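One structure is given below, encoded as structure tokens.
The values are calculated or read from the model by the stated rules, or taken from the named source; none is laboratory data. Keep in mind that this is a model prediction, so the values were computed, not measured. Note: ideal-geometry Cβ built from the backbone for every residue, glycine included; neighbour counts use all protein chains shown. Heads up: the accessible areas ignore ligands, DNA and RNA and are worked out on the full protein's heavy atoms, side chains in. Shrake-Rupley method; radii C 1.70, N 1.55, O 1.52, S 1.80 Å.
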Amino acid sequence: MLQVEKLRKAFDGFQAIADANLSVPKGEVVAVIGPNGAGKSTLFNLITGHLQADSGHIRFQREEITNLAPYKICHKGMARSFQLINIFSSLTVFENVQTSVLAKHRLDRNYFTPSRKLLIPETLEVLESFGLLDFKDRSCSALSYGDQKVLEIAIALGSKPELLLLDEPTAGMSSEETRKIVNLIKHLSQEKGLTILITEHDMELVFDVAQKIMVLHQGKTIAQGLPEDIRNNKSVQNAYLGEQNDVRR
Ligand SMILES: Nc1ncnc2c1ncn2[C@@H]1O[C@H](COP(=O)(O)OP(=O)(O)OP(=O)(O)O)[C@@H](O)[C@H]1O
Ligand SMILES: [Mg+2]
């Protein structure tokens, strides 16, 4: 579904992405792991068009999307959540999700657009599937941190993507909130057939949900493959996993 080849991106001479390669098969959950500053969020920003690559290729469903505008990439069927929560704090929970449902139908949030009403059931359906229906009329800033992260994923799903990118979806969450996100990822993958690309520092979560793992180190892909192969890969252990006691259990 997604191919990244020899991708490079520098910031003022600093090579944040030096040689990233990634292949995401349709229907799988793929995790990108690597230490802080490895370039994971930068890679996501390049894939979704929020940053422009210096060189290399990104193909989505066999089509070249390198350096297209984010909204064009979104219309092709890709959506994302951000490492730092990115929701419309002045809008209600309902309005937040409706924004992406409207975008999917190429409409804006104009209160005088009659067709806006037609999308109310579609928006309610997304809210219900994320357990957010009871909060629909609340200001989203009144939600707990965990529910705001869930809302951000619901907003991403409002555009009915085929590929969902989640940048550290459980960062800062309690173990209960983390479990909710893990179940949500499994549900979206197994029941809805969504392809998911995720970055996470929580190795237990990564090895629980991912069918494939790519390891990024100093902007370079140093390995990608099945979780067991990654766990036993010597260069990965030296570069990264060796420091993480929890994955060697
Ligand atoms: N806009 C920017 N300008 C300059 N440097 C940047 C910019 N964005 C990222 N960097 C640098 O690029 C490197 C990779 O950052 P990035 O945020 O992609 O890492 P990460 O793997 O997502 O880290 P973390 O696990 O902490 O989220 C870091 O050294 C960071 O300081
Ligand atoms: Mg990051």
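Kindly report the accessible area of the chain per residue (heavy atoms of protein chains, probe 1.4 Å, no ligands, DNA or RNA), in Å². Please list the in-between numbers first.
Details: 11890 Å² over 249 residues.
Each residue of the chain exposes 48 Å² on average to a 1.4 Å probe.
Would you calculate the separation in nanometres between label points at Lys26 and Lys6, each defined as 7 Å from the Cα along the Cα-to-beta-carbon direction? Distance between the two pseudo-spin positions: 2.8 nm.
Taking the DSSP beta bridges with both ends in the chain, the antiparallel portion is around 55 percent. With both labels modelled 7 Å from their Cα along Cα-to-Cβ, the Asn183 to Phe88 distance reads 3.0 nm.
What FRET efficiency do you get for Gln211 and Ser139 if R0 is 45 Å and r is their Cβ-Cβ distance, rounded to the nearest 0.05? FRET efficiency, Gln211 to Ser139: 0.75. Pairs with C-alpha atoms separated by more than 32 Å, drawn from the list Lys72/Lys234; Lys26/Lys72; Lys40/Lys234; Lys9/Lys136; Lys160/Lys234; Lys104/Lys220, are Lys72/Lys234; Lys9/Lys136; Lys160/Lys234; Lys104/Lys220. With q set to 0.09, 0.10 Å⁻¹, the log10 of I(q)/I(0) for the chain, from the Debye formula over equal scatterers at the Cα positions, is -0.39, -0.48.
Ranking Ile65, Val150, Ile196 by Cα position along the charge dipole of the chain, where only Lys, Arg, Asp and Glu carry charges on their C-beta atoms, puts Ile65 farthest toward the positive end.
Hey, what number do you get for the chain at 222 nm if only DSSP H runs of n ≥ 4 count, each worth -39500 (n - 2.57), divided across all residues, to the nearest 500? Working shown, then result.
On the way: 9 runs with 84 residues, N = 249.
Calculated at 222 nm, the ellipticity per residue is -9500 deg cm²/dmol.
If R0 equals 30 Å, the separation of the Cβ atoms of Glu64 and Ser235 corresponds to a calculated FRET efficiency of about 0.45. Please list, or write none, the lysines whose alpha carbon is within less than 17 Å of the alpha carbon of Lys180, excluding same-chain residues fewer than 8 places away. Straight-line reach from Lys180, under 17 Å: Lys149, Lys192.
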